[in-house]
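Here the structure is laid out as structure tokens; the discussion comes afterwards.
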Amino acid sequence: MNKNLKIVLFGFLVWLIPFAVSFFIYPLKTPMYSFFESIMSVLIAVAAIILSYLYFKDIKTNFVMEGILTGIVWFIIAIIIDLLMFMPASPMHMNFTDYMMTVGIKYLIIPVVTVGTGYVAQNKANGS
């Protein structure tokens, strides 16, 4: 698969997996808001870890740079898709500040995972 297509496809999946699961656990949101938000953070981390592993299997060099690039792209994809759904005139209306404070900030997990994966892959490649 083309590397750029893989980055975009995996970026969409890193957003889609937690979003899809959220439909099943949404009844928890009102009575157990903190629990719901914690689960969502864990789901983002798990999706990012699995997809980072799958992405880095085919990477042979520049691991850290790949981690940075992939993390930024996946983060931007998740934010853009969410903004289409959360901003005014959308089904789940939320202003930008509220969105970033409650949802958007969680997506920083993604570049943390991809950059970390890049560093681990680089150290492994260097025999460290």
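The values are calculated or read from the model by the stated rules, or taken from the named source; none is laboratory data. None of these values were measured; they are calculated from a predicted model. Cβ: placed from backbone, ideal geometry, glycine included. Neighbour counts: every protein chain shown.
Some points to look at:
- The selection criterion, being within 20 Å of Leu5 (Cβ to Cβ) and either of a type outside the set (Val, Ile, Thr) or in contact with an Asp or Glu (Cβ under 8 Å, 6 or more places away or on another chain) (or both), does not hold for Gly127.
- Considering the conditions (1) among the polar types (S, T, N, Q); (2) at negative phi; (3) at pLDDT 90 or above, Asn62 is excluded by exactly one of them, (2).
- Residues that are outside any helix (DSSP H, G or I), polar (S, T, N, Q) and surrounded by fewer than 17 Cβ atoms within 10 Å (Cβ to Cβ) occur in segment 92-107; there is at least one.
- Among the residues of segment 58-81, those identified as among the β-branched types (Val, Ile, Thr) and part of a helix (DSSP H, G or I) are Val64, Ile68, Thr70, Ile72, Val73, Ile76, Ile77, Ile79, Ile80, Ile81.
- Entry remark, segment 47-86: residues being of a type in the set (D, E, K, R), more than 14 Å from Phe10 (Cβ to Cβ) and buried (at least 17 other Cβ atoms within 10 Å of the Cβ) number 1 in total.
- Segment 37-76, subset under 14 Å from the mean Cα position of the chain (by Cα) and of a type in the set (Ser, Thr, Tyr), residue nearest to Met101 (Cα to Cα): Ser41
- Qualifying positions in segment 21-57 - assigned to a loop (DSSP other than H, G, I, E, B) and modelled with pLDDT of 90 or more: Lys57
- Among the conditions (1) of a type in the set (Val, Ile, Thr); (2) under 18 Å from Val120 (Cβ atoms); (3) loosely packed, with under 15 Cβ neighbours inside 10 Å, the only one that Thr30 does not satisfy is (2).
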